[in-house]
Amino acid sequence: MSTSESEWRQKIDPDRIPGHVAMIMDGNGRWAKERGLPRSAGHRQGVETVRQIVRFSSELGIKVLTLFAFSTENWRRPAWEINFLMSLPEQYLHSELPELVKKNVRVKLIGDPARLPEPVRRAIDKGLRDTGGNTGMTLNFALNYGSRMEIVQAAQAMVEADRQGKLRGPVNEALFTSYLYTAGLPDPDLLIRTSGEYRLSNFLLWQLAYTELWFTDVYWPDFNPVHLLQAVYDFQQRERRFGKV
Ligand code: V07
């Protein structure tokens, strides 16, 4: 452990670790460009960061980690880049699944799986199966995820349930929440976005209503455990009011 890592660790209250941390992993392309490398090199290094941050988050005691891996808008990228990105879930799970199982991490997916290539779906299904009984950190990958689509699909499902006379109770926040991909998960306490962009980019719009937001100029491939400790430290200095005085 580096000095600065142990120093930051000491500044953090272990009893007030944010239960759910969500991350927008931005800046892989810019990281590569600044080094004169192809975008794929940025994505590959981005996966290394995912490995490291998942390990560290689970050791820190974070209960749910949600990572925005691929948005519904990302299909507009060039075909070669989409193909490359779609090879990453399999690569990651192939190398990490044994460790995730050992560390009691449970893999979850939010997003529409319908458009994902068959091999990706198969690899993820295996990940969900092999970790389904785990009770440690939930590692939640947002893949082909878009928040407005999620909300519209929830509304459609409620209309359909009502048509079939199966709507359980009045339409309120609790019922609506139960139709989202994130049903059963707590709302994020902390959102981290890398790479100096100050937007939500159609990520968890409903779920982020009271979330603390934390931004850094650091590109995702350079994001490390010390940055995460800094974000958690800042989180612990803030006073959350949830709309109350
Ligand atoms: C992707 C690496 C991180 C930076 C952002 C873009 C590139 C991990 C996954 C993944 C997804 C599902 C899963 C296991 C791993 C991933 C995509 C891109 C599409 F079950 N990283 N990563 N998926 N990047």
Practice problem: Counting other Cβ atoms within 10 Å, keep those with at most 13, restrict to DSSP loop, and tell me which chymotrypsin sites (Phe, Trp or Tyr not before Pro) in region 151-214 are left. | Solution: 198, 210
Quiz item: What range in the chain is the longest one free of trypsin sites (Lys or Arg not before Pro) that are in a loop by DSSP and have at most 12 other Cβ atoms within 10 angstrom?
Solution: 36-165
Quiz item: Where does the chain land at 222 nm, in deg cm²/dmol rounded to the nearest 500, when only DSSP H runs of n ≥ 4 count, each adding -39500 (n - 2.57), divided by all residues?
Solution: -14500 deg cm²/dmol
Quiz prompt | Residues of region 218-245 with amide N under 18 Å of a point placed 7 Å along Cα→Cβ from residue 9 | solution = 224-234
Quiz item: Taking Cα pairs under 8 Å and at least six residues apart, what relative contact order does the chain come out at, in percent?
Solution: 30 percent
Quiz item: On average over all directions, what projected area in square nanometres does region 183-245 have, based on the convex hull of its Cα atoms?
Solution: 5.3 nm²
Quiz item: For the chain, which longest stretch is free of loop sites, where a loop site is one of the GluC sites (Glu not before Pro) that DSSP puts outside H, G, I, E and B and that has at most 14 other Cβ atoms within 10 Å?
Solution: 1-196
Practice problem: Give me the distance in nm between label points sitting 7 Å out from Cα along the Cα-to-Cβ direction at residue 205 and residue 84, one decimal. | Solution: 3.0 nm
Quiz item: Carbon and sulfur atoms: what percent of the 1.4 Å accessible area of the chain do they account for?
Solution: 51 percent
Exercise. Could you tell me the accessible area of residue 88 in Å² (1.4 Å probe, neighbours in place), rounded to the nearest ten?
Key: 20 Å²
Quiz prompt | Å² of accessible area per residue within the chain, as computed with a 1.4 Å probe and no ligands counted | solution = 51 Å²
Quiz item: Residue by residue through region 210-219, which ³J(HN,Hα) values in whole Hz follow from phi under the Karplus form 6.51 cos²θ - 1.76 cosθ + 1.60 (θ = phi - 60°), with glycine and proline marked x?
Solution: 10, 6, 6, 9, 9, 10, 9, 6, 4, 6
Quiz item: So how many Lys-Lys pairs in the chain land under 23 Å Cα to Cα, not counting same-chain pairs under 8 apart?
Solution: 8
Practice problem: Compute the distance in nm between two label points, each set 7 Å from the Cα along the Cα-to-Cβ direction, one at residue 112 and one at residue 95. | Solution: 3.1 nm
Practice problem: Kindly state, as a whole number, the per residue volume in cubic angstrom of the convex hull around the alpha carbon atoms of the chain. | Solution: 149 Å³
Quiz prompt | Whole-angstrom gap from region 128-183 to region 188-230, using each part's C-alpha centre | solution = 23 Å
Self-check item: Whole-angstrom gap from region 79-124 to region 35-53, using each part's C-alpha centre
Solution: 16 Å
Quiz item: How far, in nm, would the chain grow between residue 239 and residue 2 when pulled straight, counting 0.36 nm per residue and subtracting the alpha carbon separation?
Solution: 82.4 nm
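The values are calculated or read from the model by the stated rules, or taken from the named source; none is laboratory data. No experiment lies behind these values; they were computed from the predicted model shown. Using ideal geometry, Cβ is built from the backbone for each residue, glycine included, and neighbour counts are taken over all protein chains shown. Note: areas computed on protein heavy atoms with side chains; ligands, DNA, RNA excluded. Shrake-Rupley method; radii C 1.70, N 1.55, O 1.52, S 1.80 Å.
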